[in-house]
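Undergrad: Quick one: structure below, then a few questions.
The values are calculated or read from the model by the stated rules, or taken from the named source; none is laboratory data. Nothing here was measured: the structure is a model prediction, and the numbers come from that model. All Cβ positions, even for glycine, are placed from backbone atoms using ideal geometry, and neighbour counts span all protein chains on display.
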Amino acid sequence: MPPLVGITIDIDLGISSISVSPGREYYLMGKNYVEAIEKSGGVPILLPFYSNGKALDKIISNLQGLIISGGVDIDPSYYKEEPIKEIGAINPYKDSFEYKIAVRALELNLPVLGICGGMQVLNVVAGGSLFQDIYSENSDKDKLLSHRQRAPRWFPYHNIAIKPESKLHKIIGSENIKVNSRHHQAVKKVGNNFIASAHTSDGIIEAIESNTNTFVLGVQWHPEEMFATDHNAKVIFQAFIKFCEKYKND
Ligand code: MN
């Protein structure tokens, strides 16, 4: 049986000038997340923001894997900070649901792939913190690379160095790859029982992984947007789906 892989989705609150329909709330999901899972052998299940804990337990007990998708900035109160003036938009609905489902997924040892903001959620759930804005909070800010590419989303933009012997290194089989980059936040303090498994040359953390759970990987880039054009992006999804196939629900 192909594994059921939940994906957290996003919401358009209808309050922006580029809303699907101003004044109405719509769930949103990038089609490329769904396609990357399907093409890697999984069955994608889109997860709306269940507010009922029993509904969340019911759905998660039937999943063999979870993708925490990218979004806007995480409410800094989750890591006990006040918002600085450079912070971007915050989505309290997505934050609240993703925090709850990530806690449950880690308890259940469910395979998890956190992408961009999803990696940041994993880090915060594990007790870590974030740079609310790498450019204003970094003392060496003149040395920082550009992490917000103005190029097609699939375009491999900056290099990352992958930690030898990490799980990510075992998956990719290389210490240096190029990835896309569309973020202004990043992991600051790495969460408990996680390690940083990739960095850019300016010291920004580009991947984290659990060293206690079987497969919990967070990547700061967007492999789903590179899936059609980049071998490493495919390999990450394929490795994730392999672990989902092996996962046994109680
Ligand atoms: Mn980057």
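Undergrad: When region 23-53 is examined, which residues are found to be part of a loop (DSSP other than H, G, I, E, B) and loosely packed, with under 12 Cβ neighbours inside 10 Å?
TA: Listed by number, the residues that qualify are GLY23, ARG24, SER51, ASN52.
Undergrad: Right, GLY114: touching a helix residue (DSSP H, G or I) at 6+ places or on another chain (Cβ under 8 Å), within 21 Å of VAL43 (Cβ to Cβ), in contact (Cβ under 8 Å) with a residue 40 or more places away in the chain and not β-branched (Val, Ile, Thr) or not?
TA: On the way: touching a helix residue (DSSP H, G or I) at 6+ places or on another chain (Cβ under 8 Å): yes; within 21 Å of VAL43 (Cβ to Cβ): yes; in contact (Cβ under 8 Å) with a residue 40 or more places away in the chain: yes; not β-branched (Val, Ile, Thr): yes.
So GLY114 passes the test.
Undergrad: Here's something else I'd like to know. Checking the condition surrounded by fewer than 24 Cβ atoms within 10 Å (Cβ to Cβ) and away from the ligand (no atom under 16 Å from the Cβ), which residue from ASP250, ASP230 passes? Walk me through how you get there before you give the answer.
TA: On the way: ASP230 fails: away from the ligand (no atom under 16 Å from the Cβ).
After ruling out the rest, the residue left standing is ASP250.
Undergrad: Can you pull out every residue in region 109-135 that is within 16 Å of the ligand (Cβ to nearest atom) and either basic (Lys, Arg) or in a helix (DSSP H, G or I) (or both)?
TA: GLY117, GLY118, MET119, GLN120, ASN123, ILE134, TYR135
Undergrad: Looking at (1) more than 13 Å from the ligand (Cβ to nearest atom); (2) touching a His at 6+ places or on another chain (Cβ under 8 Å), which one does ALA186 not meet, given that it meets all the others?
TA: Failed condition: (1).
Undergrad: What number goes with the only condition from (1) more than 10 Å from the ligand (Cβ to nearest atom); (2) closer than 20 Å to SER210 by Cβ that PRO156 does not pass?
TA: (2)
Undergrad: How do the strands (runs of 3 or more DSSP E) wholly within region 158-250 filter down when requiring 3 or more residues that are touching a residue at least 24 places away in the same chain (Cβ under 8 Å): which remain? Even if it seems obvious, please write down each step before you answer.
TA: Details: elements: 158-162, 176-179, 194-199, 205-210, 216-219.
It comes to 158-162, 194-199, 205-210, 216-219.
Undergrad: Quick check on my filter: what residues within region 169-183 are within 15 Å of the ligand (Cβ to nearest atom), within 21 Å of VAL112 (Cα to Cα) and of a type in the set (A, V, I, L, M)?
TA: The one that is within 15 Å of the ligand (Cβ to nearest atom), within 21 Å of VAL112 (Cα to Cα) and of a type in the set (A, V, I, L, M): VAL179.
Undergrad: If you don't mind, another one. Would you check which residues across region 179-190 are farther than 16 Å from GLU224 by Cβ and either touching a Phe, Trp or Tyr at 6+ places or on another chain (Cβ under 9 Å) or buried (at least 22 other Cβ atoms within 10 Å of the Cβ) (or both) and list them?
TA: Of the residues in region 179-190, the ones farther than 16 Å from GLU224 by Cβ are 184-190.
Matches in region 179-190: HIS184, GLN185, ALA186, VAL187, LYS188, LYS189.
Undergrad: Assess whether GLU225 counts as being within 16 Å of the ligand (Cβ to nearest atom) and buried (at least 17 other Cβ atoms within 10 Å of the Cβ).
TA: Values: within 16 Å of the ligand (Cβ to nearest atom): yes; buried (at least 17 other Cβ atoms within 10 Å of the Cβ): yes.
Judged against the criteria, GLU225 is a match.
Undergrad: Restricting attention to region 197-217, and to residues there that are within 13 Å of the ligand (Cβ to nearest atom) and small (Gly, Ala, Ser), which single residue is farthest from LEU130 (Cα to Cα)? Write out each step before concluding.
TA: Step one: filter region 197-217 for residues within 13 Å of the ligand (Cβ to nearest atom), giving 198-207.
Right, trim to small (Gly, Ala, Ser) and you get 198, 201, 203, 207.
Values: ALA198: 16, SER201: 18, GLY203: 14, ALA207: 13 Å.
For region 197-217, the residue satisfying everything is SER201.
Undergrad: Sticking with this structure for a sec: Can we say TYR50 is over 28 Å from GLU206 (Cβ atoms) and either modelled with pLDDT of 95 or more or among the aromatic types (Phe, Trp, Tyr) (or both)?
TA: Values: over 28 Å from GLU206 (Cβ atoms): yes; either modelled with pLDDT of 95 or more or among the aromatic types (Phe, Trp, Tyr) (or both): yes.
So TYR50 passes the test.
Undergrad: Further question on the same structure: Any residue in region 53-75 that's over 25 Å from GLY127 (Cβ atoms): show its pairings with residues that are hydrophobic (A, V, I, L, M, F, W, C) and part of a helix (DSSP H, G or I) at Cβ separation under 7 Å, as long as the two are six or more apart or on different chains.
TA: These pairs meet every condition: GLN64/CYS244.
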